[in-house]
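Remarks on the structure that follows.
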Amino acid sequence: MDSDSDSDGSHVSATPPGSPNPPPRPKPAPAPPPPPPTLFPLHKPKAKIKKPSSKQKPPKPPPPPPENPRNKRPPCSAPPLSSSPVKFRILSRQDHQPSSSLPEILRAGYFTNIASFTDLSTDSLEKNVDVEPPLTAPPADPPAFTAKKHKLPNLIRAREPLPPVTLRKCSGSEGNFVKLNLNKKFNRRKFLNRKCSTGKSYSRSYRKSKRRKGGECDDEAEGDEFVVEISSKEMSKGFEAVEEAVEAVRDGVSDENLVKLLKVMYGYDSFRDGQLEAIKMVLEGKSTMLVLPTGAGKSICYQIPAMVLPGITLVVSPLVALMIDQLKQLPPAIQGGLLSSSQTSQEVADTLGLLQEGALKVLFVSPERFLNAEFLSCLSPTSISLLVVDEAHCVSEWSHNFRPSYMRLRASLLRSRLNVGCILAMTATATATTLNAVMSALEIPPTNLIQKSLLRENLKLSVSMSGNRIKDLLTLIKSSPFEEVKSIIIYCKFQSETDTISRYLCDNNINAKSYHGALPSKDRRSIQEWFCSNKIRVVVATVAFGMGLDKRDVGAVIHYSLPESLEEYVQEIGRAGRDGRLSYCHLFFDDITYFKLRSLMYSDGVDEYAVNKFLCEVFKTRNNSHGKIYSIIKESAPCKFDMKEEVMLTLLTQLELGEVQYLRLLPPTNVTCTLNFYKTSPALLADKDIVVSTILKKSETKYGQYVFDIPTVASSIGVTITDLSSHLQNLKSTGEITYDSKDPAYCYSIVQVPEDFCSLSLNLTKWLSEVEHCKVQKLDAMFKTAAYAVNEGEKLEGDYGSKHTLCVQRKILDYFKEDVIFEGPNAMGQSSPFLRADIKVFLQSNSHAKFTPRAVARIMHGIASPAYPSTIWSKSHFWGRYSQIDFQVVMDVAKEELLSFVGKGAP
Ligand SMILES: Nc1ncnc2c1ncn2[C@@H]1O[C@H](COP(=O)(O)OP(=O)(O)OP(=O)(O)O)[C@@H](O)[C@H]1O
């Protein structure tokens, strides 16, 4: 039975697969039965499977998908894009997708999904990590695809930078292979697929899932490469079936019609809990808040409406890597694209071109895009049918993963700027407070909340307190039920831990690899691929692993370190048991890690003093500054204000979107420009060109070069930074100048200068400290849940792998449902007899430095900050000495001592 938002939380549901008694995980688990074949795209009996041959001629292409007049939009009158001065490395599609399967490629090419991205990084989610050397050795048992990689004809110089790759539809005479537009030349490519030797009739989408979701293809088939020929007749039959089903839903949104559409698009017979309800709400045009557990199938809840609704569906995601995964996982019938701030201007222009042509049904965008006037102008006011906010908890500062850029996603702004009518917000993890905040920001009425249980009952939970985690981990993996599990993820907090542990496991004959954000993206892809094809049994990872991972048969998730919140814990254990089989999740915890994490919770915080100093810089010219453009340089500012980049962005966003709008954020860009004149002399050119004459006035000359601040010049002329950049680009193309830009910065234009800086900094600091307090409470709730489970679990029956399931589930449900902040003291010390004396000595011995109470407390807790880096301050005798004393207590004592120190005439 599923619990919903009204349940008492004393039970948990099985969503998916809805079985009350999930089967135990066999040794080894057999592959799940294939889903029934779909009408779309193809049935295997009609597809010929042949060994590749160089002589083989490509078959004829399918006709283009039937065009639906309802999907047509008038072309959009976007202004030409200026070129960005920032250079990005362009990766080929294969760079991200080393073993593209036929359905993926077909989807990408034939159905216009965008092919080139520049950033796969998920590093931003990793905190306080140290860099490890890149992966060099292949796994003991390298998968066949690596060995054969060079043979694949569809590889496009995977390592080298490439021009943007535009995927085009084939014309009727060229076979059903996808053509890639490289450097404006068309090259014919054949795409390969590996044989799944079960001999069953699989749909294309099922073969895709076999490849990606765990390599259930049997061993015999691994590495065998076959060309799958798909007749254009079959292809168009699939399209027609989808088109018919879509039309039927448009004519009448009934359960029956929607199930038919589900069947032809995905091959599934029925909807899972919550899906149908959500789809119907969206199709009725009602903004909806959807809370389903990880792996429950939230994507279908926007993909089906995207097919049915006339305009485009915008999907906002917090990470580029997530967007890429989601784009790749779109079913073939949906034409998708992606826009992120890490793309080159050419990539952006290509996507915007497709958008203008009306060729896209789903567009993934980063929230930062909403800063971009060009993007906004490309979306005609009526073209957006649905806005999907994925990971919607990021909207709320009370969530575990607040993103300042998500503040831009407020219903009022979305309506005024994009004319968005219907919003679908989706998350797997949100407390009641977070949900309230998200729903109020997106103006979703309480009646439009669809919430199913957070936990699947096939997950068995256990917890242990450990004095020697690495040894206990080995014992755990070598004992039942973990010893029988063939796919395990171990989550650690720090990158260095992942390497140590994977080495230790390998030394003990356990096939393991470490995975973290500092690894080159190629290595990360390989590890993920090997794990998915069961070539590696264990991945020891930081939080960077798992976002968008849809491997169905992960049998165990082990937390080597305490997660920072119950939200993070729920999200990460949700990687296990997606196939519905019994799966095991073990959590190790210990005081030392807890103390360390708790200290880290204070690494983002700021003092009122720092906020005030920052505001003075932001509004440096208080008079006549309305409309003027300024910038804060990302590299130098953190040290100047002792404030992390992310915190600066939070403050700037709050100054834009808070009760009073003080400024307007502009897209970040490089602001220092160095320019050389070539053809015409500067003075002569300045006579003809106002931009050049302003540059001459506003620049310094160094070694014959002109160095100037781009926002200053743009402000003086009264143009935007984009216009100025285009103008410089034009001058460059005529050979008049060359230029380079550096210093990435946050840019903004002033709307209104605050009258009272003091009260504004006080309010902002108060808000930030509440956010900080909330994060600390989340960690405490996690720690207390673990401690409670260990204490209570001792009294319960049950095998080792599942002993604490009920205790932990109960605590999790309380926490999410009622925002229960668990009572009772935390494990932190509240006083120390030597603290005051030590702070006094520290201040005396560092009398040259200007400390704030927070800076002193950070050093006593051993936390680095931009102005007090660990490279210098960890040498201090006092570094980290009081990490077991509550940070607030240390800060209070530091404040008193600083006051008395200054009172005694210290500098
Ligand atoms: N009705 C259904 N029947 C069977 N399988 C389904 C159904 N709906 C979705 N799935 C499958 O469930 C898997 C998970 O779906 P999806 O990635 O959308 O989950 P999610 O809720 O977005 O998970 P996460 O929060 O981890 O991103 C996919 O492989 C998807 O094809």
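No value in this document is a laboratory result; all are computed from the given coordinates. Every value quoted in this text rests on a predicted model; they were computed, and no experiment measured them. No Cβ is skipped: glycine too gets one built from the backbone with ideal geometry, and neighbour counts run over all protein chains shown.
In order along the stretch 433-443, the phi-based Karplus estimate (6.51 cos²θ - 1.76 cosθ + 1.60, θ = phi - 60°) of 3J(HN,Hα) comes to 5, 4, 4, 4, 5, 5, 5, 6, 5, 9, 6 Hz; Gly and Pro are listed as x.
Let me spell out the model: positive unit charges on the Cβ of Lys and Arg, negative unit charges on the Cβ of Asp and Glu, origin at the Cα centre of the stretch 827-907. What dipole size does that give, in debye rounded to 20?
Charge dipole, the stretch 827-907, about its Cα centre: 200 debye, nearest 20.
Scanning residues 5 or more positions from Val365 or on other chains, those with amide H under 5 Å from its amide H are Val315, Val316, Ser317, Leu339, with H placed 1.01 Å from N in the peptide plane. Put in line by how crowded their Cβ is, counting other Cβ atoms within 10 Å and starting with the fewest, Trp879, Trp767 read Trp767, Trp879. For the pair Gln830/Asn509, report the inter-label distance in nm, with labels modelled 7 Å from Cα in the Cβ direction. Result for the modelled spin labels: 5.2 nm.
Dipole check for the stretch 455-575: with +1 at the C-beta of Lys and Arg, -1 at the C-beta of Asp and Glu, and the Cα centre as origin, the magnitude is about 340 Debye. Pairs from the table (Lys263/Lys551; Lys620/Lys840; Lys460/Lys817; Lys644/Lys895; Lys640/Lys875; Lys644/Lys775) lying more than 26 angstrom apart at Cα are Lys620/Lys840.
Taking amide hydrogens as placed 1.01 Å from N in the peptide plane, the amide H of Ser865 sits under 5 Å from those of Ser870, each at least 5 positions away in sequence or on another chain.
Cross-linked pairs Lys628/Lys742; Lys513/Lys803; Lys513/Lys784: Cα-Cα separations exceed 25 Å for Lys513/Lys803; Lys513/Lys784.
Here's how it looks for Leu663: its modeled amide H is under 5 Å from those of Glu656, Val751, Gln752, which are all 5 or more places away or on a different chain.
What is the local net charge at Ser865, summed over the other residues whose Cβ is closer than 10 Å to its Cβ (Lys, Arg +1; Asp, Glu -1)?
Every neighbour counted, the sum reads +1.
Taking a sphere under 13 Å around the Cβ of Leu768 and counting the other residues whose Cβ falls inside, with K and R at +1 and D and E at -1, yields a net charge of -3. If you take every residue apart from Ala248 with its C-beta less than 11 Å away from the C-beta of Ala248, what net charge results, scoring Lys and Arg +1 and Asp and Glu -1? In short, -3.
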